[in-house]
């Protein structure tokens, strides 16, 4: 006969399983609606693929043996008419009102996307949407494979994590704008998967990912910390190869391409987004001071805790094979870059590293050696963070009055920044907590 405590535990587990299944059902429905909304917006002529258009348009310049970066700053138009594989006759190319023509990524991604410039705009953006949907569906599962400690997890835990990722507003925004963020994140996860098996391919993948350096920077810094110099050098060679390829195709100077890179970087600094600087008025010095101070305080906290633990002011042994510790570092760097540098809503997909970290740690007793009560608190905190990141934006704002829509947009912005900050602090705390209990 079961004791009273055993019965209570059995009842608690039954309720927890029901809530778990309910969570999967809700997220599955939300994810489906998110995908349908992304498809609907992508099909809209005056919005769908608004950011992808810049790379399709840059590909047209490459086809015509011109430097897309110089062409952008010179305000040049693509020479029309243009032949497309899916059109029976040459077509005149016009830039739809409001669509991007800024080649914000560096040469490797521009060259990678150029084959789609052989198709007309409607066909190209449809192909790109299909590619991005496939990447979205695969990303959570690839991320779990990249973390060996997560391979023991039940498939239901992985499914819940995947659905949370699919349901995020940032994921949907990456799909309907046609952003390259999903491709870059896939290359980052692929780099982690292959880093120990094939450093050359991993370096090539990281090199392409660095084309969107605002997103790939955390992984680049991580491999510098881990002293994987062959991989780092390979990635830089890929970037150099991209510059030289554009220079040869367009018979232009590599230095002019580097100059364009710098001008594009300066153009994006301080832009609107989800970073901490967005909390302050444009032009205010606090847009730079607060992220800088926050970074310094974070480093001081980590340094002090590690000093107390080890009796010296340096990080743990770089040769450690503890991949879970490494995952903490990647998560911390990813969340840090989201908060201190220019990023838009679609870049929030980087929180995938945080999702995988939390789910793995909660299911793996040796992760943090935390109590049941501590795990419950962590679960509730993670649910709160995820709930904020899946809140709808455009859909709600389209249904309410303009003033209320503005208020909702501001509430979302502050909530998302707060959620990212909370996730960052939690990740740092859990990493130091794990080191102190090692």
For the subset of the range 226-246 comprising residues that are within 27 Å of residue 323 (Cβ to Cβ) and exposed (fewer than 14 other Cβ atoms within 10 Å of the Cβ), which member is modelled with the lowest pLDDT? 227
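Mind telling me which of the residues 208, 237 ends up being free of Cβ contacts under 8 Å to residues at least 40 places away in the same chain, over 13 Å from the mean Cα position of the chain (by Cα) and in a helix (DSSP H, G or I)? Can you show your working first?
Working: 208 fails: free of Cβ contacts under 8 Å to residues at least 40 places away in the same chain.
Selected residue: 237, the only one of 208, 237 that is free of Cβ contacts under 8 Å to residues at least 40 places away in the same chain, over 13 Å from the mean Cα position of the chain (by Cα) and in a helix (DSSP H, G or I).
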Considering residues that are assigned to a loop (DSSP other than H, G, I, E, B), more than 23 Å from residue 44 (Cβ to Cβ) and either touching a strand residue (DSSP E or B) at 6+ places or on another chain (Cβ under 7 Å) or touching a residue at least 24 places away in the same chain (Cβ under 8 Å) (or both), the number found within the range 70-93 is 3
Would you confirm whether any residue within the range 395-404 is in contact (Cβ under 8 Å) with a residue 40 or more places away in the chain and over 24 Å from residue 38 (Cβ atoms)? no
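Mind listing whichever residues of the range 41-51 are surrounded by fewer than 22 Cβ atoms within 10 Å (Cβ to Cβ) and touching a residue at least 24 places away in the same chain (Cβ under 8 Å)? Even if it seems obvious, please write down each step before you answer.
So the first thing to find is which residues in the range 41-51 are surrounded by fewer than 22 Cβ atoms within 10 Å (Cβ to Cβ), and the list is 41, 43-47, 50-51.
41, 45, 46, 47, 50, 51, listed by residue number.
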Set 111, 200, 147, 182: member being surrounded by 19 or more Cβ atoms within 10 Å (Cβ to Cβ), farther than 18 Å from residue 39 by Cα and at pLDDT 95 or above: 111
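So which of 117, 54 is within 23 Å of residue 181 (Cα to Cα), without any contact (Cβ under 8 Å) to a residue 60 or more places away in the chain and crowded, with 19+ Cβ neighbours inside 10 Å? Explain how you work it out, then say what you get.
Working: 117 fails: without any contact (Cβ under 8 Å) to a residue 60 or more places away in the chain.
Matching residue, one of 117, 54: 54.
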Would it be correct to say that residue 96 is within 15 Å of residue 55 (Cα to Cα) and in a helix (DSSP H, G or I)? no
For residue 269, work out the one condition from (1) crowded, with 18+ Cβ neighbours inside 10 Å; (2) under 30 Å from residue 409 (Cα atoms); (3) in contact (Cβ under 8 Å) with a residue 60 or more places away in the chain it doesn't fulfil. (1)
Being modelled with pLDDT of 85 or more and farther than 23 Å from residue 360 by Cα is the filter here, so list the residues in the range 389-410 that pass it. 391
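Return the only residue of 348, 386, 332 being crowded, with 20+ Cβ neighbours inside 10 Å, more than 30 Å from residue 267 (Cα to Cα) and at pLDDT 85 or above.
Details: 348 fails: more than 30 Å from residue 267 (Cα to Cα); 332 fails: more than 30 Å from residue 267 (Cα to Cα).
One residue alone meets the criteria, 386.
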Please verify whether the range 364-376 includes one or more residues that are closer than 23 Å to residue 189 by Cα and surrounded by 14 or more Cβ atoms within 10 Å (Cβ to Cβ). yes
Restricting attention to the range 211-225, and to residues there that are within 10 Å of residue 191 (Cβ to Cβ) and free of Cβ contacts under 8 Å to residues at least 40 places away in the same chain, which single residue is surrounded by the fewest Cβ atoms within 10 Å (Cβ to Cβ)? 220
Need the failing condition index for residue 165 against (1) assigned to a helix (DSSP H, G or I); (2) closer than 20 Å to residue 330 by Cα; (3) touching a residue at least 60 places away in the same chain (Cβ under 8 Å); (4) over 12 Å from the mean Cα position of the chain (by Cα), just the number. (4)
On the basis of being assigned to a loop (DSSP other than H, G, I, E, B) and surrounded by fewer than 22 Cβ atoms within 10 Å (Cβ to Cβ), does residue 125 make the cut? no
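The values are calculated or read from the model by the stated rules, or taken from the named source; none is laboratory data. The shown structure was predicted, so the numbers you read here are calculated from the model rather than taken from an experiment. Ideal geometry is used to build each Cβ from the backbone, glycine not excepted, and the neighbour counts take in all protein chains shown.
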